[in-house]
Amino acid sequence: MPEAPISARKAEIIRIAGGLFAERGFQGTSLRDIGEAVALRRGSLYSHFSSKEEILVRLLEPAVADLREALERAASASGTGRERLQLAMTEALRCSQGHRDAILVLFQDRQLIEDAPALHGISEQAKTIAPIWLRCITAGQGDGSIRADVAPASIALGLISLLVGALSDRHLGLYAAAGNVGDDRSELGRAATTLIFEGITPR
């Protein structure tokens, strides 16, 4: 039975908490920080969520589900493995723009999420994502459209690192200094995708 839709106030708390988690890390953000940011005392915050972990799960669940669905669409598309992998990266960038804070938290706090018993469920869901990347890569290595002298896991890690980097604010000062205006993450993602795919395609 699907969960009931969350209230607008809960959604606002999740959104604001997500920004804090992405900026400070999950451990670096307290319930007091969240309460202050949403103008609620800690006791009042507990009337909406039982714990900080519950807020994190609510933040991550839709992001993980949407990312997995986007990658599955790409992996199931027609074309070479390289074409499917490039489509997967494009889809992941698009999806991640809509779930920026959640995706950053998912990768920046990955070990914590794996180790925390209260986050076991979302950790197991997140583990279904990597095999989809690897499926595209091994298909491309099998059909000759992706170079075979680099381990599939290394290629996947490189793609994910670029994906997370394209979402992060920490490098955007350098991006602006290079002569670009604003923080156009979509353009940065496209540039990163072009560079890595030129590197993994056989010459």
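The values are calculated or read from the model by the stated rules, or taken from the named source; none is laboratory data. Given the structure is predicted, the values throughout are model-derived calculations rather than measurements. Ideal geometry is used to build each Cβ from the backbone, glycine not excepted, and the neighbour counts take in all protein chains shown. Surface areas here come from the heavy atoms of the whole protein model, side chains and all, with no ligands, DNA or RNA. Shrake-Rupley method; radii C 1.70, N 1.55, O 1.52, S 1.80 Å.
Extension gain for residue 80-residue 111 works out to 7.8 nm (0.36 nm per residue, less the C-alpha to C-alpha distance).
3J(HN,Hα) along segment 111-123: 5, 4, 5, 5, 8, 7, x, 5, 10, 4, x, 6, 5 Hz, from the Karplus curve 6.51 cos²θ - 1.76 cosθ + 1.60 with θ = phi - 60°, whole Hz, x for Gly and Pro. On full extension, the segment bounded by residue 125 and residue 154 gains 8.3 nm, given 0.36 nm per residue less the C-alpha separation.
Heavy atoms of the protein chains alone define the surface here; on that basis segment 30-165 has 46 Å² accessible area per residue at 1.4 Å probe size. Couplings 3J(HN,Hα) of segment 10-23, computed from phi: 5, 4, 5, 4, 4, 4, 5, 4, x, x, 5, 4, 5, 7 Hz, in residue order, whole Hz [Karplus 6.51 cos²θ - 1.76 cosθ + 1.60, θ = phi - 60°; x for Gly and Pro]. Across segment 69-147, C-alpha contacts under 8 Å between residues 6 or more apart give a mean separation that, scaled by the residue count, equals a relative contact order of 45 percent. Amide H to amide H distances under 5 Å link residue 145 with 81, 82, where only residues 5 or more positions off or on other chains count and H is placed in the peptide plane. For residue 76, the shell of other residues with beta-carbons less than 13 Å away shows a net charge of 0, using +1 for Lys and Arg and -1 for Asp and Glu. Can you check what the net charge comes to around residue 9, using other residues whose Cβ is under 13 Å from the Cβ of residue 9 (Lys, Arg +1; Asp, Glu -1)? Summing Lys/Arg as +1 and Asp/Glu as -1 gives +2.
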